[in-house]
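Following: one structure in structure tokens, then a few remarks.
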Amino acid sequence: MLSENIKNIYNKMAHAAVRAGRNPEDVKLIAVTKGVEAGVIKKASTLGLNEFGENRVQEAEKKVSGLQLQAASGKIRWHLIGHLQKNKARIAVELFDLIQSVDSLELAEAINRHAEKKGKVQRILIQVKLSDEESKYGISKDNVLSLFERIGGLRNLRPEGLMTIPPFFDDPEKVRPYFRELREIRAEAEKEGSGLPELSMGMSNDFEVAIEEGATMVRIGTAIFGERNKKQE
Ligand SMILES: *Cc1c(COP(=O)(O)O)cnc(C)c1O
């Protein structure tokens with residue numbers, strides 16, 4: 001049941017934070033709603049969830065406009081967590097509070113251009129790829145610092161941190177080194193310039209380990225909404 005799932009997750013999140021000597025309030029739950037119907041999202045929003053993550057611009061567009069969640073409550077925030085094509089940057093800037101999947105200068109420039117036209121400062125995260133899986137997007141860790149440097153000149157972007165999608169393992173302990181690595185990359189990047197508070201890492205299977213390693217945002221779908229249709233990925 002939705003309310004039970006949400007309660008369980010908040011509980012586990014709080015315990016993980018306390019185990020790591022962190023304040024549970026420093027970790028946000030992003031409910032991943034790909035493949036989830038608008039009606040269910042609305043229900044979730046009445047149960048206290050107010051940050052939602054979508055993978056695809058087109059799917060999000062239908063939901064955001066259909067639900068008018070943003071209009072109904074100023075507190076609802078939408079995150080783009082899937083790959084963004086440059087030609088969808090304009091719509092992404094319209095729809096999303098935080099674009100978590102920026103992984104190239106070209107994409108950053110496109111977002112910046114549209115944000116400037118709209119008079120918006122777009123919050124972004126840089127997506128880092130820590131494994132050599134073919135299928136994953138993200139910038140390689142060796143290029144993170146230079147990307148931040150270049151993005152520094154784009155005045156309508158506000159980089160707030162890093163995001164990663166590590167390889168999947170049944171055993172979440174196997175994912176821990178990836179989470180730790182992302183935190184270390186952030187520390188390196190922060191030495192070079194401004195603060196990067198956000199670390200978006202951890203999903204249904206491994207969010208507790210991610211929180212122990214410093215996650216400030218966990219992105220959880222299945223553990224809240226149940227198994228989704230895999231075609232939605
Ligand atoms: C689907 C997805 C999630 C959520 O995964 P679950 O295992 O369902 O919790 C998190 N992040 C990204 C980028 C996703 O695509």
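The values are calculated or read from the model by the stated rules, or taken from the named source; none is laboratory data. These numbers were taken from a predicted model, which means no experiment stands behind them. All Cβ positions, glycine included, derive from the backbone under ideal geometry; neighbour counts span all protein chains shown. Just so you know, the surface numbers come from the protein's heavy atoms only, side chains and all, with ligands and any DNA or RNA stripped out. Shrake-Rupley method; radii C 1.70, N 1.55, O 1.52, S 1.80 Å.
This table checks each residue for (1) open to solvent by less than 20 Å² (accessible area, probe 1.4 Å); (2) part of a loop (DSSP other than H, G, I, E, B); (3) more than 26 Å from residue 25 (Cα to Cα); (4) modelled with pLDDT of 95 or more.
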site: 116; (1), (2), (3), (4): no, no, yes, yes
site: 137; (1), (2), (3), (4): no, yes, yes, no
site: 199; (1), (2), (3), (4): yes, no, no, yes
site: 210; (1), (2), (3), (4): yes, no, no, yes
Review point. Out of region 212-225, which residues are within 14 Å of the ligand (Cβ to nearest atom) and not basic (Lys, Arg)?
Key: 215, 217, 218, 220, 221, 222, 223, 224, 225
**Study point:** Selection count where residues are within 15 Å of the ligand (Cβ to nearest atom) and of a type in the set (Asp, Glu), scope region 12-59
**Key:** 3
Practice item. Consider residue 159 carefully, then state whether it is touching a Phe, Trp or Tyr at 6+ places or on another chain (Cβ under 6 Å) and open to solvent by 10 Å² or more (accessible area, probe 1.4 Å). Key: no
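Go over the candidates 86, 75 one by one and state the one that is under 25 Å from residue 136 (Cα atoms) and away from the ligand (no atom under 15 Å from the Cβ).
Just one listed residue meets the conditions, 86.
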**Study point:** Some residue of region 176-187 being outside any loop (DSSP other than H, G, I, E, B), touching a residue at least 12 places away in the same chain (Cβ under 8 Å), more than 16 Å from the ligand (Cβ to nearest atom) and touching a Lys or Arg at 6+ places or on another chain (Cβ under 7 Å)
**Key:** yes
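Considering each residue of region 162-175, count those that are open to solvent by 60 Å² or more (accessible area, probe 1.4 Å) and assigned to a loop (DSSP other than H, G, I, E, B), and give that number. Talk me through it step by step, then tell me what you get.
Initially, region 162-175 is screened for residues open to solvent by 60 Å² or more (accessible area, probe 1.4 Å), giving 168-171, 173-174.
Narrowing further to those that are assigned to a loop (DSSP other than H, G, I, E, B): 168-171.
So the count comes out to 4.
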Check your understanding: Which number in (1) more than 10 Å from the ligand (Cβ to nearest atom); (2) open to solvent by less than 40 Å² (accessible area, probe 1.4 Å); (3) assigned to a loop (DSSP other than H, G, I, E, B) marks the one condition that residue 194 misses?
Key -> (2)
Study note, to complete from the structure: Residue pairs qualifying under the 6 Å Cβ cut-off, at least six apart or on distinct chains, with the first in region 1-29 being without any contact (Cβ under 8 Å) to a residue 60 or more places away in the chain and the second being open to solvent by 50 Å² or more (accessible area, probe 1.4 Å) and in a helix (DSSP H, G or I), are 14/24
